[in-house]
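What follows is a single structure, written as structure tokens, with notes after it.
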Amino acid sequence: MHLFNLDPAAENFDVQPEIDIRDLISLEDVMDELSLGPNGALIYCFEYLMQNLDWLEEQIGTYEDDYLVIDCPGQIELYTHFPLMQMLVDSLHKLDVKVAATYLLEAQFMDDRSKFFAGVLSATSAMINLEVPHINVMTKMDLVGNEPESVISTGRKKKDLERYLDPDPTLILDEINRDTNPKFHSLNQAIVGLIEDHNLIQFIPLDVTDEDSIDNLLSHIDNSIQFGEDEEPNEPADLDEGDFGEEF
């Protein structure tokens, strides 16, 4: 398994990437030389990458038949407003690279339903635009618990948590309608209807302190791209078969 850094603004890594877009172009250089802001410079970096696909092909070719983890920028605009990431995916497919996308949403979003469903909508948009196997991950599950130091609200029962892992749009209506002007209630209902109609999103919980949780996520990703298909199959566990207790 090898790390490919695709974020031209990245600075620090716990694991050093073996392929790094900053060897081709960096956000800081673009901002300095072209007097662009961070967002404009990021778009320029990806446009430059798409104009230099020979560099990408040369880098990827070194790791033929290997497992690449591509660390992408977090700016959602790249996945929902511009076709750059989809163009990149198409380029990887032409190099016979099997691609799966993982969308990460932090568990803290479960404490703010409006932010949570904004994340669900963003995940849906990215999923539709990228058109690749898509794994949605609820990260930082190690912060969910009954202990006083837990970041997420305590006393959350398993059945309540599952309503977030398999998003239940009805969660949004009462709370959001209570906190917003009545003229927006129709919009809230439309958002709920959109999520219900598409019904594409389900989150896999990830606790980085739990090896089984990491293995379960990896098995989902492996299965989605048929990685190691010649080896003994390792079916991912269902969400309701996790090691959750009755309460968190």
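In the range 84-117, how many are over 15 Å from Val137 (Cα atoms) and without any contact (Cβ under 8 Å) to a residue 12 or more places away in the chain?
6
What pairs come up if the first residue lies in the range 159-187 and is in a helix (DSSP H, G or I), the second is among the small types (Gly, Ala, Ser) and surrounded by 14 or more Cβ atoms within 10 Å (Cβ to Cβ), and their beta carbons are under 6 Å apart, counting only those six or more places apart or on different chains?
Ile176/Ser114
How many residues are part of a helix (DSSP H, G or I) and either in contact with a strand residue (DSSP E or B) (Cβ under 7 Å, 6 or more places away or on another chain) or closer than 26 Å to Asp222 by Cβ (or both) if we restrict to the range 99-123? Step through it out loud before you land on a result.
The initial filter retains those residues of the range 99-123 that are part of a helix (DSSP H, G or I), namely 107-111, 113-123.
Then drop every residue that is not either in contact with a strand residue (DSSP E or B) (Cβ under 7 Å, 6 or more places away or on another chain) or closer than 26 Å to Asp222 by Cβ (or both), which leaves 107, 119-120, 122-123.
The number of residues fulfilling the criteria is 5.
Residue under question is Ile60, and the condition is that it be free of Cβ contacts under 8 Å to residues at least 60 places away in the same chain, surrounded by 13 or more Cβ atoms within 10 Å (Cβ to Cβ) and within 27 Å of Gly119 (Cα to Cα); does it hold?
Details: free of Cβ contacts under 8 Å to residues at least 60 places away in the same chain: yes; surrounded by 13 or more Cβ atoms within 10 Å (Cβ to Cβ): yes; within 27 Å of Gly119 (Cα to Cα): no.
Spelling it out, it is not the case that Ile60 is free of Cβ contacts under 8 Å to residues at least 60 places away in the same chain, surrounded by 13 or more Cβ atoms within 10 Å (Cβ to Cβ) and within 27 Å of Gly119 (Cα to Cα).
Going through the range 1-30 one residue at a time, which ones are farther than 20 Å from Phe82 by Cα and more than 24 Å from the chain's Cα centre (by Cα)?
Those that are farther than 20 Å from Phe82 by Cα and more than 24 Å from the chain's Cα centre (by Cα): Asp23, Leu24, Glu28, Asp29.
Any idea how many residues of the range 55-72 are farther than 13 Å from Met85 by Cα and either modelled with pLDDT of 95 or more or of a type in the set (A, V, I, L, M, F, W, C) (or both)?
Residues of the range 55-72 that are farther than 13 Å from Met85 by Cα, as a first pass: 55-69.
Pick out the ones that are also either modelled with pLDDT of 95 or more or of a type in the set (A, V, I, L, M, F, W, C) (or both) and you get 55-56, 60, 68-69.
Total meeting the criteria: 5.
For the range 161-206, enumerate the residues that are among the acidic types (Asp, Glu) and in contact with a strand residue (DSSP E or B) (Cβ under 9 Å, 6 or more places away or on another chain).
Asp166
With respect to Leu36, is the statement that it is under 14 Å from Leu92 (Cβ atoms) and at pLDDT below 95 true?
Numbers: under 14 Å from Leu92 (Cβ atoms): no; at pLDDT below 95: yes.
The answer is no for Leu36.
If I filter the range 84-97 for residues that are hydrophobic (A, V, I, L, M, F, W, C), under 16 Å from the mean Cα position of the chain (by Cα) and not in a helix (DSSP H, G or I), do I get at least one hit?
Within the range 84-97 (the criterion being hydrophobic (A, V, I, L, M, F, W, C), under 16 Å from the mean Cα position of the chain (by Cα) and not in a helix (DSSP H, G or I)), the answer is no, since none of the residues qualifies.
Would the range 10-22 turn up any residue that is out of contact with any Pro (no Cβ under 8 Å at 6 or more places or on another chain) and either basic (Lys, Arg) or part of a strand (DSSP E or B) (or both)?
yes
Is it the case that Leu42 is within 20 Å of the chain's Cα centre (by Cα) and either more than 26 Å from Ala123 (Cα to Cα) or not in a loop (DSSP other than H, G, I, E, B) (or both)?
When the stated conditions are applied, Leu42 passes them.
The values are calculated or read from the model by the stated rules, or taken from the named source; none is laboratory data. Keep in mind it's a predicted model, so treat the numbers as computed, not measured. Methodologically, a virtual Cβ is constructed for each residue, glycine included, from the backbone with ideal geometry; neighbour enumeration extends over all protein chains shown.
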